[in-house]
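The values are calculated or read from the model by the stated rules, or taken from the named source; none is laboratory data. Bear in mind that the values here come from a model prediction, so they are computed numbers and not experimental data. Reconstructed Cβ throughout: ideal geometry from the backbone, glycine too, with neighbour counts over all protein chains shown. Areas reflect the complete protein model, heavy atoms only, side chains present, ligands, DNA and RNA absent. Shrake-Rupley method; radii C 1.70, N 1.55, O 1.52, S 1.80 Å.
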Amino acid sequence: MIDRLTLHNFKAFQHAEIPLGPLTLLTGLNSSGKSSVLQSLALLRQSHESGDLAVSALLPEARRAGLRTSVANQGFLLNGELVGLGTGEDVLHEDFTEDDEKPPIGLAVDEGPYHYGWTAEYEPEQNLLPLLDADLPDTSEGGRERPAGPEAVTPAFFTAPFQYLHADRISPAEFYPRDHQVAVGRGFLGVRGEHTVNFLRHHRDSTVPAGPLRHPKAVSDLLIDQTAAWMGDLCPGVDIRAEAIKGTDAVSLSYGFQGTLGATRRRRPSNVGFGLTYVLPVVVACLSARPGALILLENPEAHLHPQGQTQMAMLAASAAAQGAQVVMETHSDHVINGVRLAVKQQRLAPGQAVFHYFRGDGAGVDFVSPQIDADGMLDQWPSGFFDELENTLEQLIG
Ligand SMILES: Nc1ncnc2c1ncn2[C@@H]1O[C@H](COP(=O)(O)OP(=O)(O)O)[C@@H](O)[C@H]1O
Ligand SMILES: [Mg+2]
């Protein structure tokens with residue numbers, strides 16, 4: 001699990017060290033840096049997946065040579081499958097853009113006792129920022145014990161199951177892509193959830209392990225039935241079907257609703273409403289998460305009614321309780337309260353839920369981190385932190 005993320009000269013952050021827990025909620029005003037936190041993790045993962053951060057190969061020579069010059073073809077890959085951040089100019093914290101020196105851009109993660117850091121050179125026009133230096137666990141004699149080999153200097157989250165769902169996800173459609181390599185080979189749902197239906201079709205019979213993730217009212221432990229049961233909590237009475245379409249590279253999705261005569265009527269997603277299709281990738285990401293997985297969710301509450309938002313938070317809390325690490329950006333009181341309830345109901349330990357409230361003050365970003373107790377109570381409510389209901393009520397009643 002990633003315990004801490006460090007951002008240096010990255011977008012809105014001049015320097016921030018952000019503790020992460022099994023379930024981390026990133027909250028705050030618009031444009032306060034929440035998505036940038038998710039993007040930095042996605043950027044590292046994307047750079048590693050494309051081979052641009054093959055630091056284990058680079059490290060020994062770099063160290064020996066005391067390298068501070070850029071390393072060919074190694075660095076932060078700004079535009080890729082997970083994020084498209086533009087060029088160095090877009091990414092460098094803007095306080096530096098006027099300077100003619102080349103300020104470094106740094107990202108680091110701590111996983112337990114291990115610290116992994118990467119520093120890249122600022123290149124305004126480039127979308128691969130060359131790596132200057134890597135600060136990785138020392139595996140040489142006297143360093144911390146870690147097995148030798150390429151994995152010795154690779155963070156677990158580079159190779160662990162991973163999902164990242166953007167705020168802008170798939171809309172209801174008749175057909176979805178059937179890409180075996182992405183959905184089945186890599187188990188990736190796509191940043192817009194576009195591979196979810198195919199993933200669900202392929203993995204329909206895998207079981208959801210016992211624990212809070214397993215819905216008690218589902219007809220079975222199979223992923224398809226568990227998904228239907230959780231979806232039914234978000235939208236009562238629904239069931240889902242994901243099928244391959246013969247002779248095509250597409251899969252179809254349909255929803256069933258219990259009719260008044262007891263028969264289930266099947267409906268196309270486009271006739272069912274946005275919310276259901278929009279949340280399906282979130283539900284499948286949480287239900288299919290296994291211990292060690294990292295799940296990044298941007299505004300998972302989008303298009304859900306308040307009760308559904310609370311349930312969705314319960315689901316995310318359950319995934320975290322069963323060993324996945326979930327980091328989500330949210331604007332929803334109901335999501336916050338759903339997590340508080342999950343703690344109170346002992347689905348999740350208080351220490352497993354981390355809340356951050358980001359505040360941009362024009363010059364940069366800072367954040368405060370209310371702590372939750374076993375009753376689901378928060379120790380502080382900074383101004384602007386989910387106080388709008390009270391503020392409005394005060395004016396209405398006053
Ligand atoms: N290179 C940069 N330097 C400084 N600030 C930046 C830079 N790039 C983006 N920002 C700022 O970051 C904020 C956007 O952050 P984002 O993570 O998308 O916010 P949120 O998800 O909280 O709405 C905006 O305030 C924007 O001005
Ligand atoms: Mg955002």
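Candidates in segment 28-40 are the residues that are part of a loop (DSSP other than H, G, I, E, B) and near ligand 1 (Cβ under 6 Å from one of its atoms); of these, the one that is surrounded by the fewest Cβ atoms within 10 Å (Cβ to Cβ) is Asn30.
Summed over segment 310-337, residues that are away from ligand 1 (no atom under 16 Å from the Cβ), within 16 Å of Gly21 (Cβ to Cβ) and in a helix (DSSP H, G or I) total 7.
Here Gly256 fulfils each of the conditions (1) open to solvent by less than 10 Å² (accessible area, probe 1.4 Å); (2) modelled with pLDDT of 85 or more apart from (2). Of the residues making up segment 343-367, just one is without any contact (Cβ under 8 Å) to a residue 60 or more places away in the chain, loosely packed, with under 14 Cβ neighbours inside 10 Å and either within 25 Å of His305 (Cβ to Cβ) or within 20 Å of the chain's Cα centre (by Cα) (or both), namely Gln345.
One residue stands out among those in segment 163-172 that are surrounded by fewer than 21 Cβ atoms within 10 Å (Cβ to Cβ) and at pLDDT 90 or above: the one that is nearest to ligand 1 (Cβ to nearest atom), which is Ala167. Taking the condition farther than 27 Å from Leu7 by Cα and surrounded by fewer than 24 Cβ atoms within 10 Å (Cβ to Cβ), does Arg340 pass? Criteria met by Arg340. The set of residues in segment 216-238 that are more than 25 Å from Asp179 (Cβ to Cβ) and either part of a strand (DSSP E or B) or at pLDDT 90 or above (or both) comprises Pro216, Lys217, Ala218, Val219, Ser220, Asp221, Ala229, Val238.
Selection of segment 41-53 for residues being in a helix (DSSP H, G or I), among the small types (Gly, Ala, Ser) and either within 13 Å of ligand 2 (Cβ to nearest atom) or open to solvent by 10 Å² or more (accessible area, probe 1.4 Å) (or both) yields only Ala42.
Selection of segment 384-398 for residues being open to solvent by less than 100 Å² (accessible area, probe 1.4 Å) and without any contact (Cβ under 8 Å) to a residue 24 or more places away in the chain yields Asp387, Asn391, Thr392, Leu393, Gly398. Against the conditions (1) more than 28 Å from Gln307 (Cα to Cα); (2) open to solvent by 30 Å² or more (accessible area, probe 1.4 Å); (3) within 23 Å of the chain's Cα centre (by Cα); (4) of a type in the set (Gly, Ala, Ser), Gly247 satisfies every one except (3). Of all the listed residues (His331, His305), the sole one being open to solvent by 50 Å² or more (accessible area, probe 1.4 Å) and either among the basic types (Lys, Arg) or more than 16 Å from ligand 2 (Cβ to nearest atom) (or both) is His305.
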